[in-house]
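What follows is one structure encoded as structure tokens, with my remarks underneath.
The values are calculated or read from the model by the stated rules, or taken from the named source; none is laboratory data. Predicted, not measured: the structure shown is a model, and the values here were computed from it. When we count neighbours, we look across all protein chains shown, and the Cβ atoms used for this are built from the backbone with ideal geometry, even at glycine. SASA here: full protein model, heavy atoms, side chains in, ligands and nucleic acids out. Shrake-Rupley method; radii C 1.70, N 1.55, O 1.52, S 1.80 Å.
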Amino acid sequence: MAAKATLHCLTGCAIGEVLGMIIGTALGWGNVSTMILAIVLAFFFGYALTLRGILAAGVDFRTAIRVALAADTLSIAVMELIDNGVIALWPGAMDAHLSDALFWIVLAISLAIAFVLTTPVNKWMIGRGKGHAVVHQYHH
């Protein structure tokens, strides 16, 4: 269950990261602005994916928002910290463009590392009835 929750988180984060990088690059923004946008979008898409499932179970929007925030905030925060930390520390990664293989290779590596390190966080949360354990009760 922890790996599945982390993969779910990874999907939203990856969508947000890539979209943020594309938008920031297209608008000619600097590294910091682009990274902030990517992080904001990673949280948005991470929450949106969870909301979709909870709302489909017939839960009202207000409750669904509370469940999504409780379930995903720590997981997304850890994933984004690791993912962006790897990218920021990898030589040349911050200056790589979308057309550079380095950009995509480092992004894939950073997301893989984030997955491996975030899975125990989700396992810990689920073991305490938090995180995706809360979301799971809404899935039929």
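Quick notes
- Modelled spin-label separation between I113 and A26, with each label point placed 7 Å from Cα along the Cα-to-Cβ direction: 2.9 nm.
- Only one residue of I105, F45, W29 has its Cα farthest out toward the positive end of the dipole of region 25-122, where Lys and Arg carry +1 and Asp and Glu -1 on Cβ, and that residue is F45.
- Assuming charge only on the beta carbon of Lys and Arg (+1) and of Asp and Glu (-1), the dipole of the chain about its Cα centre is about 620 debye to the nearest 20.
- H97-V59 FRET efficiency (beta carbon distance; Förster radius 35 Å; 0.05 resolution): 0.25
- Residue-averaged [θ]222 nm for the chain, counting only DSSP H segments that reach four residues, each worth -39500 (n - 2.57): -28000 deg cm²/dmol
- Rounded accessible area of V18 (nearest 10 Å², 1.4 Å probe): 40 Å²
- Averaging the sequence gap over all C-alpha pairs within less than 8 Å and six or more residues apart, then dividing by the number of residues, gives the chain a relative contact order of 32 percent.
- Filtered chymotrypsin sites (Phe, Trp or Tyr not before Pro), region 1-54: DSSP coil and at most 16 other beta carbons within 10 Å: W29
- Net charge of neighbours whose Cβ lies under 15 Å from the Cβ of A112, counting Lys and Arg as +1 and Asp and Glu as -1: -3
- Most positive-pole-ward Cα, L7, T63, N84, against dipole of the chain from beta carbon charges: T63
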